[in-house]
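Shown next, in structure tokens, is the structure this report addresses.
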Amino acid sequence: MLKSLKLLADPTRLRILRLLAEEALSVADLQELLGMGQSRISTQLSQLKSGGLVTDERSGKNNIYRSSMSGEISTLVERASEEIPEIHKDATALRHLMRKRRDLTRGYFDDLAGRFGKDYVPGRSWKGLAEALLKVMAGGTVADLGAGEGTLSQLLAQRADHVIAVDLSPKMVEFGAQLAKQHGLDNLEYRLGDLETPPLEAESLDLAVLSQALHHAASPQKALRAAFDGLKPGGRIIVLDLLQHQFEEARELYADTWLGFGEGELASMLETAGFQGIETAVVDREDEPPHFQTLLAVAQRPA
């Protein structure tokens, strides 16, 4: 406690902790938000890490930092930081940063709408999809979260009573809805929304699917919790995503926010969201460089 109190006496460290309590961020993110140099921020993060107040994990070339404060310390940080004039500016800057990330992803998919099947998308593995669908039998009400043009949604609609395809790109939603109409899929509905706050009724789903979508989320943890909230008790989730990789160019080429996830990391996020019966497996590896691998996770909301 004494060590923590000493660390909290510095206004810059308080500002960093307040930001990390809201979102996982890189040093570059914190530079942008705080308007400080890399060396200063790295020094402060090193001290906070040594004090057990933050943790970090590798994502490509970046370290991503998260808050690991106890409830007691977190409350103290919240109260103490209100005395810092810059704290409200920091909160506004963080909202802007997260909105910018969403806009970048939305713009990428707007441009991509209508071209699926013609352009390469890393991790889009039919073998991976088949592995996932073998794990569960689609039925009842299904949500395809981050659906894109809805190729998977259309497949699910062959078996499910009702499929809700959610995507943040208006053009993608429009394109998918047209495809559904052309194919006579009256049980396939498209809704505009993001992964963290999808337009879903609470406890309305039997199955939630995130196929190559989670690495585009501003906050993967919030996206998984939103899926959990949308599922009925006993409902299931399928996550297909990229295994953690080092192909930094994916951020520019595919508007990726995260460079995949480790098996343990994804399992931990699912558990934190409330899921149980979590299973993970690496189900595919691409032959061409950078040899993306597809990670599958299946879990259930407690009945």
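A few remarks follow.
- A cut-off under 15 angstrom between Cβ atoms defines the neighbours of D186, and their net charge, with Lys, Arg +1 and Asp, Glu -1, is 0.
- Exposure ranking of T294, T141 by accessible area [1.4 Å probe, largest first]: T141, T294
- Folded to 0 to 90 degrees: helix 220-230 orientation relative to the chain principal axis, Cα: 50
- In a reduced charge model with +1 at each Lys and Arg Cβ and -1 at each Asp and Glu Cβ, the range 166-278 shows a dipole moment near 220 debye about its Cα centre.
- Binned Cα-Cα distances of the range 149-265, short to long, each 10 Å bin given as a whole percent: 13, 42, 34, 10, 0
- Residue-wise HN-Hα couplings along the range 16-22, as the Karplus relation 6.51 cos²θ - 1.76 cosθ + 1.60 with θ = phi - 60° gives them from phi, are 4, 5, 5, 5, 5, 5, 9 Hz; Gly and Pro carry x.
- Cβ charges +1 (Lys, Arg) and -1 (Asp, Glu), total dipole of the chain, debye: 540
- Helical mean residue ellipticity (222 nm; -39500 (n - 2.57) per DSSP H run of 4+; nearest 500) of the chain: -13000 deg cm²/dmol
- For the chain, the solvent-accessible area works out to 47 Å² per residue, with a probe of 1.4 Å and every protein chain left in place.
- Dipole-positive endmost among A250, T272, Q293 within the range 187-303 (Cβ charges, Cα centre): T272
- For the listed peptides 59-67, 225-233, 142-150, a ranking on the average number of other beta carbons within 10 Å per residue, highest first, reads 142-150, 225-233, 59-67.
- The distance separating the Cα centre of the range 264-281 from that of the range 1-42 comes to 28 Å.
- Where Cα atoms sit under 16 Å apart: lysine pairs in the chain separated by 8 or more or lying on different chains: 4
- In percent, rounded to a whole number, the relative contact order of the range 8-98 is 37, using alpha-carbon pairs under 8 Å and six or more apart.
- Of the accessible area of the chain, computed with a 1.4 Å probe over protein heavy atoms only, carbon and sulfur atoms account for 50 percent.
- Averaging the sequence gap over all C-alpha pairs within less than 8 Å and six or more residues apart, then dividing by the number of residues, gives the range 229-303 a relative contact order of 42 percent.
- For the chain, the calculated P(r) over all alpha carbon pairs, in 20 Å bins from 0 to the bin holding the longest distance, is 32, 54, 13, 0 percent.
- Zero-based 10 Å bins, Cα pair distances in the range 197-303, whole percents: 15, 48, 28, 9, 0
- Helix 38-50 and the longest principal axis of the C-alpha atoms of the chain enclose an angle of approximately 90°.
- Rounded to the nearest 20, the size of the Cβ-charge dipole of the range 5-91 about its Cα centre is 320 debye, with Lys and Arg at +1 and Asp and Glu at -1.
- Relative contact order (%) - criterion: Cα under 8 Å, at least six apart; region: the chain: 15
- Loop-resident sites, the range 234-281, for GluC sites (Glu not before Pro), counting at most 13 other Cβ within 10 Å (DSSP): E249
The values are calculated or read from the model by the stated rules, or taken from the named source; none is laboratory data. Predicted, not measured: the structure shown is a model, and the values here were computed from it. Every residue, glycine among them, receives a Cβ derived from its backbone with ideal geometry; neighbour counts consider all protein chains shown. Just so you know, the surface numbers come from the protein's heavy atoms only, side chains and all, with ligands and any DNA or RNA stripped out. Shrake-Rupley method; radii C 1.70, N 1.55, O 1.52, S 1.80 Å.
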